[in-house]
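These notes are about the structure you will find just below.
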Amino acid sequence: MNPSVKILLAALLLASGARSSSAEVVAPLPVPESPQATFTLSGGVVALGIGYEWARGILTYQGRTFPFRVRGMSVLDLGAAKLVGTGEVFHLKSLADFEGRYTGTTFGSAVSHGASMALMNNANGVSIRARSTVSGVRLNFSGNGFQILFDPPLEPHVRG
């Protein structure tokens, strides 16, 4: 095995152990059979060890749609890629609970085309499970932190 591949694998294993002991990472919550909302999104990532991710999406909740944006960082991520994905939202008791800072894990790979999976939670108890197709070059098994904000912000009568 190529020495650089061995080093990358060792770093991934060490980082996954370090992340599991971090107090900032929220443990994944069990997800029910049916999501309370779904979403689509598209965006990108640029990473060289530490990455920057961005996306715009549409949340569908109780028959209505709400645009949102995502900005965040990843650790143990490599590459540059475009992402297009879908996902489910669980434990969503109120529309306003969707916004916030999420932490969790993503994993996937692409050389030209590939796929990625993300499992994320926020402090409001909301869980997200997302799947993306990836165009570009990317290898990641990363700890992520990102912020979701409605775009434009929710009007007061829509919250809750």
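Taking each residue as 0.36 nm, the span from Ala96 to Gln62 lengthens on full extension beyond its C-alpha to C-alpha distance by 10.9 nm. Modelled this way, with points 7 Å down the Cα-to-C-beta line, the labels at Ala115 and Ser42 are 2.1 nm from one another. Each residue of the stretch 80-94 in order: what ³J(HN,Hα) in whole Hz does its phi give by Karplus 6.51 cos²θ - 1.76 cosθ + 1.60, θ = phi - 60°, with x for Gly and Pro? Result, ordered by residue: 9, 7, 9, 10, 9, x, 9, x, 10, 10, 10, 6, 8, 8, 8 Hz. The label point for Ile50 and the one for Ser135, both projected 7 Å from the Cα toward the Cβ, are 3.0 nm apart. I need the P(r) histogram for the stretch 35-150: all alpha carbon pairs, bin width 10 Å from 0 out to the longest distance, whole percents. Histogramming the stretch 35-150 at 10 Å steps yields 16, 52, 27, 6 percent.
The order of Leu48, Leu41, Leu154, going from fewest to most other C-beta atoms within 10 Å of their C-beta, is Leu48, Leu154, Leu41.
Across the stretch 59-160, Cα pairs under 8 Å and at least six residues apart give a relative contact order of 39 percent.
A protection proxy built from the mean count of other Cβ atoms within 10 Å ranks the segments 64-73, 84-93, 131-140, most packed first, as 131-140, 84-93, 64-73.
Bear in mind these aren't lab numbers, they're just calculated from the coordinates by the rules spelled out. Fair warning: this is a prediction, and the values are worked out from it, not measured in the lab. No Cβ is skipped: glycine too gets one built from the backbone with ideal geometry, and neighbour counts run over all protein chains shown.
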